[in-house]
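Written below as structure tokens is the structure these notes are about.
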4 protein chains.
Amino acid sequence: MATMQAVVLKKAYEIAVEEVPKPSELGSGEVLLKVEQTAICGTDLGPYSGKLELEDDVRIGHEFLGTITDVGPGVNLFDAGDRVVVSCVVNCGHCYLCRKNQPGKCMGVMIFGLGLTFGNLDGGQAEYVIVPNADLCCRKLPEGGAGTDEDYLFVGDIMATGYESVRAAFEPGDTVAVVGAGPVGLCAAMSAVALGARQVVVIDRVAERLKEAESYGAITVNPDETDPVDAVLDLTDWRGADVVVDAAGHSSALNLAFRLPRAGGSLSVPAVYVDETLDLPWGEIWLKGIRLVASGAMNIPRYMDETLALIAAGKLNPARMISHRMPMSQAAEAYRLFYERQATKIILDPTR
Amino acid sequence: MATMQAVVLKKAYEIAVEEVPKPSELGSGEVLLKVEQTAICGTDLGPYSGKLELEDDVRIGHEFLGTITDVGPGVNLFDAGDRVVVSCVVNCGHCYLCRKNQPGKCMGVMIFGLGLTFGNLDGGQAEYVIVPNADLCCRKLPEGGAGTDEDYLFVGDIMATGYESVRAAFEPGDTVAVVGAGPVGLCAAMSAVALGARQVVVIDRVAERLKEAESYGAITVNPDETDPVDAVLDLTDWRGADVVVDAAGHSSALNLAFRLPRAGGSLSVPAVYVDETLDLPWGEIWLKGIRLVASGAMNIPRYMDETLALIAAGKLNPARMISHRMPMSQAAEAYRLFYERQATKIILDPTR
Amino acid sequence: MATMQAVVLKKAYEIAVEEVPKPSELGSGEVLLKVEQTAICGTDLGPYSGKLELEDDVRIGHEFLGTITDVGPGVNLFDAGDRVVVSCVVNCGHCYLCRKNQPGKCMGVMIFGLGLTFGNLDGGQAEYVIVPNADLCCRKLPEGGAGTDEDYLFVGDIMATGYESVRAAFEPGDTVAVVGAGPVGLCAAMSAVALGARQVVVIDRVAERLKEAESYGAITVNPDETDPVDAVLDLTDWRGADVVVDAAGHSSALNLAFRLPRAGGSLSVPAVYVDETLDLPWGEIWLKGIRLVASGAMNIPRYMDETLALIAAGKLNPARMISHRMPMSQAAEAYRLFYERQATKIILDPTR
Amino acid sequence: MATMQAVVLKKAYEIAVEEVPKPSELGSGEVLLKVEQTAICGTDLGPYSGKLELEDDVRIGHEFLGTITDVGPGVNLFDAGDRVVVSCVVNCGHCYLCRKNQPGKCMGVMIFGLGLTFGNLDGGQAEYVIVPNADLCCRKLPEGGAGTDEDYLFVGDIMATGYESVRAAFEPGDTVAVVGAGPVGLCAAMSAVALGARQVVVIDRVAERLKEAESYGAITVNPDETDPVDAVLDLTDWRGADVVVDAAGHSSALNLAFRLPRAGGSLSVPAVYVDETLDLPWGEIWLKGIRLVASGAMNIPRYMDETLALIAAGKLNPARMISHRMPMSQAAEAYRLFYERQATKIILDPTR
């Protein structure tokens, strides 16, 4: 039986690269993908740190692209040899919520590499991975566009996530404020610029992150130096931002984020929350008529086409955020670096 | 100097009907309206009970219709003799937020009869009232339609408010759940039926209110008898409601309301809240991706045309909610009845 | 080998009911449907009359419902025993145009019973029919709603077609004018009422059709008696209709239809046209800024859920249009009656 | 009585710069504007050439910006000293069509400098001009943005017109094809780039225009060298463009434009047509389900905010199209040059 290398989360904080059986049998709608690039995502830190409890020995990873090497029955759009990026979210395409065009809320939604709760799909930090519902969750890489593989890679998760957080609430000319300049926040800021924002305000404490945001044309605010609410009011004739994105994911960021929109403005929360309840400024939310949009939405398959097109057109360049390129064999070290915030974004090469 | 009768809130809990000067001078864009019908609104109970603090001696009332008797300079759409209903919300029509089509969030928004904070407009529980920005906030009563004056009256506030709470989040065929069957909740339920809901679920504890909701075709749930969450899940293949309306306005209702939408569904909150902060089920809100829509929106001028048309077409019949018709001279008694919840909706006749 | 009865178009004007092999082998995504009701559609008259040229011996019919008796591999939503209605349009669910939510324009679109050009699918005027992409094009019949099988039947074609023609252009309170009160026109009129039109104007020359439209609450105009343009202007303060539907399908109707919308209004053309070019009132189209919407759109799968829900809610009753119920064995006679306009809508019973 | 210089169209082909009375009395809602820059627009060639017949001695010009020197009663947003650009279209802000957010179709619409038919407003090619409904049709120039006066100038007409032609039909990532690279076509192409098009195809015969379009990132096609239909199909996997803009304005361009959209795609026609009827490819229009959008729409006031914001953000640079800057005293010569197509866009300076 053929084997391959795969990243396995043995248990919390313990990453191994192991020899596992190479998948061979393909079911209806499935393709076999030879993974060429895979990234570590902030969401992977949930299982890594034990905050999100998985079974032992889960093959993880949900940001990846590569070349299709085999095609199961009932696949229509793809052939062996096609190079594709894959949505981390796999939807069914025909349930009530898919028909409402909300694939991230699909009643049978699956996510790669997150264990039994999310459909028991093996992850993509491996030499090969089986992709179910390939017609729905794969997209061919654009030919002849401005993007590189390292750009297109992120369309399967953080790029589409950051993009949706803006796109679902946005009109051209709007002022957009982003709380938190991690990878998703930077993708949101980049998207706001690409879609025609009047101005994009990025709020974070880390100098390099702010510098990166500035390179996209954003105005940056370090809350240790300037009150973000004042800064946003100052930039908007004392109205507040049209669209606010909380890409930080903790209670104080959320409370700040609720104070930034103008009356009738929107708040979008791509950041991940696990708190059951929170004390929220309901008076301000209600009085201002703040709209909560695209929070926890995860409609990746819906926004892959647009983000691929915008990368191809040279408007989005997520590869800029990559800080480390490492062999997959060093996955344990890579996870450690990422967990300790010594890396913005790490790409693993499964062939090394 | 000519005088007239007007309802005056002397201070909390003290209503008087007094002889006051009849308005005579009209500024640019203003009309003088001879009031023919005026209603007491739930919002009036804020000042009445002192919960919303006003100055002393405020002329109150913001639901009214009548005949224009005089027209100031710069009014284009109306002539003396026109019969109109008036939006309780007066917007400017040209600020940033009006241009975003959110008149309820107008940067110079005024509301009749709510004192200095809301623009110091005398209220409409009077024989005459001056209406500013008449071209924007008045609408002629439809001719030859199915509605009566008592139906059209509510378009200036509760009918448009209940309507927006559904309309802003709704697709035909949706299941709509309404928490609280007071006047706004009943208007929301009625709107959901008129716009083509698959089913409308109304949740309240008061038997007559539920009976009224049933007469519009709603399915009713008394939470003392049935768990509303179970009831809604049961009616929707265990998904939850597409659109939920909180028309109740207290913390426990809001917490219930957040549990009723399906994944990716919407919550709309026309009910009035004064709490500064609330403990909210953020985990469920985020995980389900609940969208908060039209909460505290008050875009009355935007929805008057549609509600007038639907009344004229026989699809909305808000006059059914009227429980009492009284002379304006008995306003003090009327307020007492309404405050003590002995009346669903009271109409005052300014000529008696 | 098992056999069954099926309606076969031998050649133009020649309908036979023949003994043919009963389908047995099911491919990926396919179900076998025991047809319980099937209708003759205006579109069937194209092949019948030879206007739309097909191969000889095509099994026709594309409006049908029944019970699933067998399920192929890769079908997720359905089991044997499920009662479903089937979209006449079968889309792939994943091409560029399906992803743009325009299934009627799917790059691999197929239609039942219209020969090789439309994917070579056997028609549904038969005892059994194979349904491909069943998860996308079948919908379970609602349980416990107000509709009957004869209502739900039409959701697979004319009901969804008439509905889309209004829905895609409509706001509640609009005035809708429908040119042509054949089955699609009546479905459009019924939809406008269900969605909350202010008024619906139906234009036709046939008295019974107008009577039927009146029974839905429409205002009717016979162009032999009243100028339709005058009538519509008269009903709309000299503006014109907000939404106009051309459900007639000939050049003079189209020219009339272009004269009915208000400035900035919409024209929707569900009627079928085969003319290559037409002389059109471009001056009026351009100056008025008429929007052409949902013309030839055929997005049936997108609108089945909403129409099923509205039938279940008692808002749409297309079965009212049925004029004849006949055994399928009399299909030749049924086609003759329908072609000679002696029937509004004919239902065939495949078991007789 | 004070006098001023103004451009007067004496009769067809005869332009004079004359001493006329300076406006002094301001009505309700009016401001007096000291014009600082004004442009000649393609639309001005209608009256100039006599194709659009005006009265004699009309003061023309409808693209201008300047400083407010006096403010009439009932103006809320502006003070003397404010620098503003003015919409060529003046709407009322409260009629049925304004309330439908279609100001270009306002029932009392006026346009500067186009004679009695369009409200008898004196034109802006003058030292001073009265602007009615100033709160609705003026916008302050953004402070501190990337644009210059010469950029903002065009927001009052061609920039907003070209922008709307794309914006009203567009989704990010779309392929946009523009027929005709005159000023409006170039504004449309620029807008498509700014809003996030995948690719923009510009079709024209004039080499410099194509070169200009290329400088915005467009792909250009000269129909004398390449079949535009083939070119567009080639760039879109044989689908056709998502959005097509006809900015040319003659029958053959329109027929080409109708052949370029994909199935379910859109055609927008900002170009001006005066033909009463045209022979159109209705078969293709219907079968493809082409949507006609924003044709002859002229909703300038609706799109000024967005275009101003995008200029301020450095995303739109219409000033690039200016080929000539001349003193207003040479208006006759300027009109001749523009009419003979020796100039792309001419700016007149009223102070010289």
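Any idea which of (1) more than 14 Å from chain D (Cβ to nearest Cβ); (2) in a loop (DSSP other than H, G, I, E, B); (3) surrounded by fewer than 24 Cβ atoms within 10 Å (Cβ to Cβ); (4) not charged (D, E, K, R) is the one A:Ala181 doesn't satisfy?
The one condition A:Ala181 does not meet is (3).
Of the residues D:Leu26, D:Leu54, D:Leu97, only one is out of contact with any helix residue (DSSP H, G or I) (no Cβ under 9 Å at 6 or more places or on another chain) and not aromatic (Phe, Trp, Tyr); which?
D:Leu26
Any residue in segment B:72-83 that is β-branched (Val, Ile, Thr), in contact with a strand residue (DSSP E or B) (Cβ under 9 Å, 6 or more places away or on another chain) and not in a loop (DSSP other than H, G, I, E, B)?
The answer is no; no qualifying residue exists.
Here are some conditions: (1) touching a residue at least 24 places away in the same chain (Cβ under 8 Å); (2) within 29 Å of D:Gln102 (Cα to Cα). D:Ala332 meets all but one. Which one does it not meet?
(2)
Go through (1) among the aromatic types (Phe, Trp, Tyr); (2) on the phi > 0 side of the Ramachandran plot; (3) crowded, with 24+ Cβ neighbours inside 10 Å one by one and return the number of the condition A:Tyr163 breaks.
For A:Tyr163, the exception is condition (2).
Hey, could you check segment C:38-54 for residues that are buried (at least 20 other Cβ atoms within 10 Å of the Cβ) and of a type outside the set (Val, Ile, Thr) and say which is nearest to C:Thr117 (Cα to Cα)?
Looking at residues that are buried (at least 20 other Cβ atoms within 10 Å of the Cβ) and of a type outside the set (Val, Ile, Thr), I get C:Leu54.
Go through segment D:13-62 and count every residue that is at positive phi and under 19 Å from the mean Cα position of the chain (by Cα).
1
Please tell me if C:Glu14 is surrounded by fewer than 18 Cβ atoms within 10 Å (Cβ to Cβ) and at pLDDT 95 or above.
yes
Kindly provide the set of residues from segment A:84-107 that are within 18 Å of A:Thr38 (Cα to Cα) and either surrounded by fewer than 18 Cβ atoms within 10 Å (Cβ to Cβ) or touching a Lys or Arg at 6+ places or on another chain (Cβ under 7 Å) (or both), ordered by number.
Selection gives A:Val84, A:Val85.
Please indicate, with yes or no, whether at least one residue in segment C:60-81 is assigned by TED's automatic domain parsing to the domain that holds C:Pro132, in contact with a Pro (Cβ under 9 Å, 6 or more places away or on another chain) and without any contact (Cβ under 8 Å) to a residue 12 or more places away in the chain.
Taking every residue of segment C:60-81 in turn, none turns out to be assigned by TED's automatic domain parsing to the domain that holds C:Pro132, in contact with a Pro (Cβ under 9 Å, 6 or more places away or on another chain) and without any contact (Cβ under 8 Å) to a residue 12 or more places away in the chain.
Among (1) touching a strand residue (DSSP E or B) at 6+ places or on another chain (Cβ under 6 Å); (2) small (Gly, Ala, Ser); (3) assigned to a helix (DSSP H, G or I), there is one condition C:Gly46 misses while meeting the rest; what is its number?
Tallying (1) touching a strand residue (DSSP E or B) at 6+ places or on another chain (Cβ under 6 Å); (2) small (Gly, Ala, Ser); (3) assigned to a helix (DSSP H, G or I), C:Gly46 fails exactly one: (1).
Determine, yes or no, whether A:Asp57 is within 24 Å of A:Val7 (Cα to Cα), surrounded by fewer than 24 Cβ atoms within 10 Å (Cβ to Cβ) and away from chain C (no Cβ under 14 Å).
Yes.
If I ask for residues that are within 11 Å of chain D (Cβ to nearest Cβ) and touching a residue at least 60 places away in the same chain (Cβ under 8 Å), which ones from segment A:150-175 would you list?
Matches in segment A:150-175: A:Tyr163, A:Val166, A:Arg167, A:Phe170, A:Glu171, A:Asp174, A:Thr175.
Please go through segment A:118-143 and give me each residue that is more than 27 Å from A:Met326 (Cα to Cα) and either in contact with a Pro (Cβ under 9 Å, 6 or more places away or on another chain) or touching a residue at least 24 places away in the same chain (Cβ under 8 Å) (or both), ordered by number.
A:Gly119, A:Pro132, A:Asn133, A:Ala134, A:Asp135, A:Leu136
Filter segment C:330-349 for residues that are farther than 20 Å from C:Gly66 by Cα, under 17 Å from the mean Cα position of the chain (by Cα) and among the aliphatic types (A, V, I, L, M) and give the result.
C:Ala343
Collect the residues in segment C:92-115 that are within 18 Å of C:Asp157 (Cα to Cα), more than 11 Å from chain A (Cβ to nearest Cβ) and not basic (Lys, Arg), keeping them in residue-number order.
Across segment C:92-115, the qualifying residues are C:Gln102, C:Gly104, C:Cys106, C:Val109, C:Met110, C:Ile111, C:Phe112, C:Gly113, C:Leu114, C:Gly115.
May I ask you to say which residue of B:Arg259, B:Arg291 is in contact with a helix residue (DSSP H, G or I) (Cβ under 6 Å, 6 or more places away or on another chain), away from chain C (no Cβ under 14 Å) and either modelled with pLDDT under 95 or closer than 16 Å to A:Leu292 by Cβ (or both)?
Only one candidate qualifies: B:Arg259.
How about segment A:50-82: which of its residues are modelled with pLDDT of 95 or more and polar (S, T, N, Q)?
Matches in segment A:50-82: A:Thr67, A:Thr69.
Quick check on D:Val232: is it in contact with a helix residue (DSSP H, G or I) (Cβ under 7 Å, 6 or more places away or on another chain) and either part of a loop (DSSP other than H, G, I, E, B) or of a type outside the set (Lys, Arg) (or both)?
Judged against the criteria, D:Val232 is not a match.
Looking at segment A:108-123, can you tell me whether even one residue there is buried (at least 24 other Cβ atoms within 10 Å of the Cβ), under 17 Å from C:Cys95 (Cα atoms) and assigned by TED's automatic domain parsing to the domain that holds A:Val58?
Among the residues of segment A:108-123, not one is buried (at least 24 other Cβ atoms within 10 Å of the Cβ), under 17 Å from C:Cys95 (Cα atoms) and assigned by TED's automatic domain parsing to the domain that holds A:Val58, which makes the answer no.
Quick check on segment A:135-149. Is at least one of its residues part of a helix (DSSP H, G or I) and either of a type in the set (A, V, I, L, M, F, W, C) or within 14 Å of chain D (Cβ to nearest Cβ) (or both)?
The answer is yes; a qualifying residue exists.
Quick one: is D:Glu212 acidic (Asp, Glu), touching a helix residue (DSSP H, G or I) at 6+ places or on another chain (Cβ under 8 Å) and either over 22 Å from D:Gly264 (Cα atoms) or surrounded by 24 or more Cβ atoms within 10 Å (Cβ to Cβ) (or both)?
Taking the combined requirement at face value, the residue satisfies it.
The values are calculated or read from the model by the stated rules, or taken from the named source; none is laboratory data. Quantities reported herein were computed from a predicted structural model and do not represent experimental measurements. Heads up, the Cβs are rebuilt from the backbone with ideal geometry, glycines too, and the neighbour counts pull from every protein chain shown.
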